[in-house]
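Novice: Pasting in a structure now, in structure tokens, and then I'll have a few things to ask.
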Amino acid sequence: MAAEVGRRLAPAGIVLVCGGRGGVLEAAARGAAEAGGIVIGIVPSDSVGDANPHCTHVVATGIGHARNLAVVASGEVVVAIGGEWGTLSEIGFARRLGREVIALHSWQARGAGTMAEAPGVTAVDSAAEAADAALACLSR
């Protein structure tokens, strides 16, 4: 799914910003790079060599998981795919910064009062829906 999202966004000229390492991050980077896109990997270590080979540009932060804030602050919309605690923190940071979040088989937020419907978080079921929703956010 992540590779397909990357492949679908790259032809639209979208620069993919990700955490730069393996797993879902690498799959999204691979998809975007294979489609001719630019991929910026923001890695938690102080070594650019820690990035996956599909990143066309790498930022080595040396700040560990705190780099999640730099990842989401560098984009205009966030696509969360699956995920563990780091993904949840990125969703929280993204919403705090006013970034829309597209959640593809990811965390489902809900709260009380004004947060009851998880404003700004759109759940989708496919890579095509995720890419289309991200592009729609960018066109607003």
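Novice: If I filter region 3-56 down to residues being among the β-branched types (Val, Ile, Thr) and assigned to a loop (DSSP other than H, G, I, E, B), which single residue comes out as nearest to Ser126 (Cα to Cα)? It would help to see each step written out before you state the result.
Specialist: Going residue by residue through region 3-56, those that are among the β-branched types (Val, Ile, Thr) are 5, 14-15, 17, 24, 38-40, 42-43, 48, 56.
Then keep just the ones that are assigned to a loop (DSSP other than H, G, I, E, B); that gives 14-15, 38, 56.
On the way: Ile14: 19, Val15: 20, Ile38: 22, Thr56: 26 Å.
So, considering only residues that are among the β-branched types (Val, Ile, Thr) and assigned to a loop (DSSP other than H, G, I, E, B), the one nearest to Ser126 (Cα to Cα) is Ile14.
Novice: Taking the criterion of being modelled with pLDDT under 95, open to solvent by 20 Å² or more (accessible area, probe 1.4 Å) and of a type in the set (D, E, K, R), would at least one residue in region 115-125 satisfy it?
Specialist: yes
Novice: Working carefully through the options Arg67, Arg7, Arg99, Arg95, find the one that is open to solvent by 50 Å² or more (accessible area, probe 1.4 Å) and over 25 Å from Pro119 (Cβ atoms).
Specialist: Details: Arg67 fails: open to solvent by 50 Å² or more (accessible area, probe 1.4 Å); Arg99 fails: over 25 Å from Pro119 (Cβ atoms); Arg95 fails: over 25 Å from Pro119 (Cβ atoms).
Exactly one of Arg67, Arg7, Arg99, Arg95 is open to solvent by 50 Å² or more (accessible area, probe 1.4 Å) and over 25 Å from Pro119 (Cβ atoms), namely Arg7.
Novice: Do we find a residue being farther than 18 Å from Val5 by Cα, in contact (Cβ under 8 Å) with a residue 12 or more places away in the chain and touching a helix residue (DSSP H, G or I) at 6+ places or on another chain (Cβ under 6 Å) anywhere in region 17-39? Give the derivation first.
Specialist: Within region 17-39, the first condition is being farther than 18 Å from Val5 by Cα, and the residues that meet it are none.
Within region 17-39, not a single residue is farther than 18 Å from Val5 by Cα, in contact (Cβ under 8 Å) with a residue 12 or more places away in the chain and touching a helix residue (DSSP H, G or I) at 6+ places or on another chain (Cβ under 6 Å).
Novice: Is it the case that Glu90 is open to solvent by less than 70 Å² (accessible area, probe 1.4 Å), in contact with a strand residue (DSSP E or B) (Cβ under 9 Å, 6 or more places away or on another chain) and not hydroxyl-bearing (Ser, Thr, Tyr)? Break it down into steps so the answer makes sense when it comes.
Specialist: Numbers: open to solvent by less than 70 Å² (accessible area, probe 1.4 Å): yes; in contact with a strand residue (DSSP E or B) (Cβ under 9 Å, 6 or more places away or on another chain): yes; not hydroxyl-bearing (Ser, Thr, Tyr): yes.
It is true that Glu90 is open to solvent by less than 70 Å² (accessible area, probe 1.4 Å), in contact with a strand residue (DSSP E or B) (Cβ under 9 Å, 6 or more places away or on another chain) and not hydroxyl-bearing (Ser, Thr, Tyr).
Novice: Output yes when any residue across region 93-113 is within 24 Å of Met1 (Cα to Cα) and in contact (Cβ under 8 Å) with a residue 60 or more places away in the chain, and no when none is.
Specialist: Yes, the conditions are met somewhere in region 93-113.
The values are calculated or read from the model by the stated rules, or taken from the named source; none is laboratory data. Please read all numbers here as calculations on a predicted model, not as lab measurements. Positions of Cβ are generated from backbone atoms using ideal geometry, with glycine treated the same way; all protein chains shown enter the neighbour counts. We work out accessible area using only protein heavy atoms, side chains counted, and drop any ligands, DNA or RNA first. Shrake-Rupley method; radii C 1.70, N 1.55, O 1.52, S 1.80 Å.
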